[in-house]
Amino acid sequence: EYLLDNTHMAKVELVPSSTYAQETEEKEKQTLAMLSKSLTDEQYESLVEESMALIVLQSTDDSPEDVAAIPTLTLDELEPKETEYDSSLLENAWKTGVTVLTHEVESSSGIAYVDFGMDMSTVSFQDIPLIPFLAELMTQTGTASMTDAEFNRLVGMHTGGVYVQDSVVPVRSTNRNDSEGFVASSESYMSTKLFLRGKVTAGKVTKLFDIYNELLNNANLDNQDKAVSLLKETIAGLRSDVQGSGHHYAKLRIGARYSVNGFIAEQMNGVSNIQIMSEILMTAENDWPVLLDRLENMRRAIVGGRREGMVLNLTGDKNVLTSIKSAVITFLTTQLPPEDSSVEELQDFSASEHPWVGPALNGMKESAPLIDEAIVIQSQVSYVGKGGNLYLPGDKVPGSAAVVSGFLQTGYLWETVRVKNGAYGAFASLSRDSGTFTMLSYRDPSNIGKTLDAFDGTALDLMAESVTTLSQNDGAAVANSVIGAIGEMDGSALSPDDVGWLSLTRWLRNESPKVRQQWRQEMLDTKLEDFVTFSEQLSVFDSPSVAVVTHQSAVEKAAGINWKIISLP
């Protein structure tokens, strides 16, 4: 009775300090000043000598003998063929208009992985930032016949989990020949879908489809208290994530300036989303019917969309896929919501421009211009990013570029930004879709200008490496770079769920096995000349720009940069 009937509550509010970073920095200065005064001349000289010795050690390469002692693979030991997975495609399955993708794995331990996707292209562009929130809300507010607690109990009782996930990926144009490989594009073609995702033992797949039926036909979004609570949690989670993963948000800001797909990703998942969700929270609290109407319109546009834009993705072993077939047919033929007769025929998004592209290009001009930005947070470290178009639209992006990018990350950037400047990490990222190349630092205590100087020295250092390290020992350094890049791409063995999702994504992107194999072969065939070419392209980087996540005092110390300051709400 003391627990169930307890009417008391405790409310704890944590308020961040807006001057924490400055106060901490001032304390450190005072501590260092006191320490400096306490040192004798001999102690001071000893510290200087140790610091100089550390700099020399950090700048000295390992000896060839030490490097040769490290066990390594050879190029001949690498798998030459790209891994492909068994998949079957059934269009207009059982005359429903829905496409069914099936991925048979060797063993799924009796579990079926079921993803049901719906086209989102008819959602208004202005509502794109709301999509992740709608996805979460759909499983948190119950249905017309069940409360949220009853719905969640049903999911937990019969399945291994059900959630909603958005998918926005660039699509390879049908005008591209496979022999062209990957080509940087303006990304006018894209696939935009919202997926119901779940896993269940084969014997309970009917229960899973019943749950999908409830979400599709009877979702109840009209729960203001839950919506406000979720919005607060979302905003708090994003703000916290910026503190710990600022490099990710800096990369999103940079990517938003150079491609449509990058701009949409930033609107849905970046700093812009924090700002937009803060405004949405005010609407949810003060004008709930207006927000509810937007959410319902979005849901109707997605759920009532054309059947040919829907896809059912099934993954499991042979016995599982055979045993769930009848339930699949029942779901597709009797449980799908009716089509909205007013919706026009679905476009082929591998051959025609997606309706979000035009508004996105206008949005990029207004809210993602090519200017340097500083996202100011309360932190003692910075996350520094610089990037731009290494390949312009229409340029071929060779697989060798991925090898060189990896070499820079584990070589020059690691040694300069991580080891010498003291950052916790350094990254180089290449997009084979848009052709953008980005350099990033992680939890960087160094002066922002110093890190940017390191980024600016990348091309010159790579050229120097091309006539020294990379050209020595019969190209051993080049071979090791290829081995590392292939290992990074292949990763570890995938779970059945991951196999199904990867295969689905490849299909959505309209990628052929031939294109992927060509990319892999280009990586395997990387030569010294490819490093030189990359260096030359990097030296004439097209319109690079900067994004940093940092504290106010670091911005003030970064002299000579005309920052646009972004403060989180």
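The values are calculated or read from the model by the stated rules, or taken from the named source; none is laboratory data. Every value quoted in this text rests on a predicted model; they were computed, and no experiment measured them. Here the Cβ is made from the backbone with ideal geometry for all residues, glycine too, and neighbour counts use every protein chain on show. Just the protein is used for accessible areas: all its heavy atoms, side chains included, with ligands, DNA and RNA removed. Shrake-Rupley method; radii C 1.70, N 1.55, O 1.52, S 1.80 Å.
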In degrees, nearest ten, helix 41-59 long axis to first principal axis of the chain (Cα): 60 degrees
Using packing as a proxy for protection, rank 537-543, 211-217 so that the peptide with the highest average count of other Cβ atoms within 10 Å comes first. 211-217, 537-543
Scaled to the compact-protein estimate 2.2 N^0.38 Å, what is the alpha-carbon radius of gyration of segment 1-153, rounded to two decimal places? 2.15
For segment 139-295, the spread of Cα positions along each principal axis, largest first, Å: 52, 43, 32
Under the √(5λ) rule applied to the eigenvalues of the Cα gyration tensor, what semi-axes describe the equivalent ellipsoid of segment 297-426? Give them in Å, descending. 44, 25, 18
Which whole-number value in Å² is the accessible area per residue of segment 1-84, probe 1.4 Å? 97 Å²
What is the packing order of peptides 251-260, 284-293, taking the mean over residues of other C-beta atoms within 10 Å and listing the highest first? 251-260, 284-293
From Cα pairs below 8 angstrom and at least 6 apart in sequence, can you work out the relative contact order of segment 357-464, rounded to a whole percent? 32 percent
Hey, which of these cross-link pairs are over 27 Å Cα-Cα: 95/204; 204/514; 396/564; 29/232; 251/420; 95/207? 204/514; 396/564; 29/232
In Å², rounded to a whole number, the accessible area per residue of segment 348-498 with probe 1.4 Å is 40 Å²
Cα-based Rg/(2.2 N^0.38 Å) for segment 76-163, rounded to two decimals, is 1.55
Shape box of segment 148-235 [Cα atoms, principal axes, largest first, Å]: 53, 38, 21
Starting from one equal scatterer on each C-alpha and no solvent at all, send me the Debye-based log10 I(q)/I(0) for the chain at q = 0.06, 0.10, 0.12 Å⁻¹, two decimals. -0.38, -1.01, -1.33
Under 5 Å from the placed amide H of residue 143, counting only residues 5+ away or on other chains, we find 220
Using the alpha carbons of segment 403-450, what is the convex hull volume per residue in cubic angstrom, as a whole number? 70 Å³
Could you check how much of the accessible area of the chain is carbon and sulfur, as a whole percent, using a 1.4 Å probe? 52 percent
To the nearest 500 deg cm²/dmol, what mean residue ellipticity at 222 nm is calculated for the chain from DSSP H runs of n ≥ 4 alone, each contributing -39,500 (n - 2.57), summed and divided by the residues? -14000 deg cm²/dmol
How much of the pair distance distribution for segment 79-121 lies past 12 Å, counting alpha-carbon pairs only, in percent? 74 percent
Could you give the accessible area per residue of segment 153-243, probe 1.4 Å, as a whole number in Å²? 41 Å²
Specify the inter-centroid distance of segment 423-454 and segment 315-343, based on alpha-carbon positions, in whole Å. 46 Å
Among 83-91, 480-488, how do they line up by average Cβ neighbours within 10 Å per residue, starting with the highest? 480-488, 83-91
If one takes the longest principal axis of the Cα atoms in the chain, at what angle in degrees, from 0 to 90 and to the nearest 10, does the Cα axis of helix 528-539 lie? 90 degrees
To the nearest Å, what is the center-to-center distance of segment 389-403 and segment 500-564, using C-alpha atoms only? 8 Å
Dimensions (Å) - segment 265-370, Cα atoms, principal axes, largest first: 52, 37, 33
Check: C-alpha center segment 483-498 vs C-alpha center segment 21-37, spacing in Å is 46 Å
Angle between the Cα long axis of helix 260-269 and the longest principal axis of the chain, 0 to 90 degrees, nearest 10? 80 degrees
Square roots of five times the C-alpha gyration tensor eigenvalues of segment 213-270, ordered largest first and given in whole Å, equal 29, 17, 8
Just need the relative contact order of the chain here, percent rounded to a whole number, with Cα pairs under 8 Å and 6+ apart. 23 percent
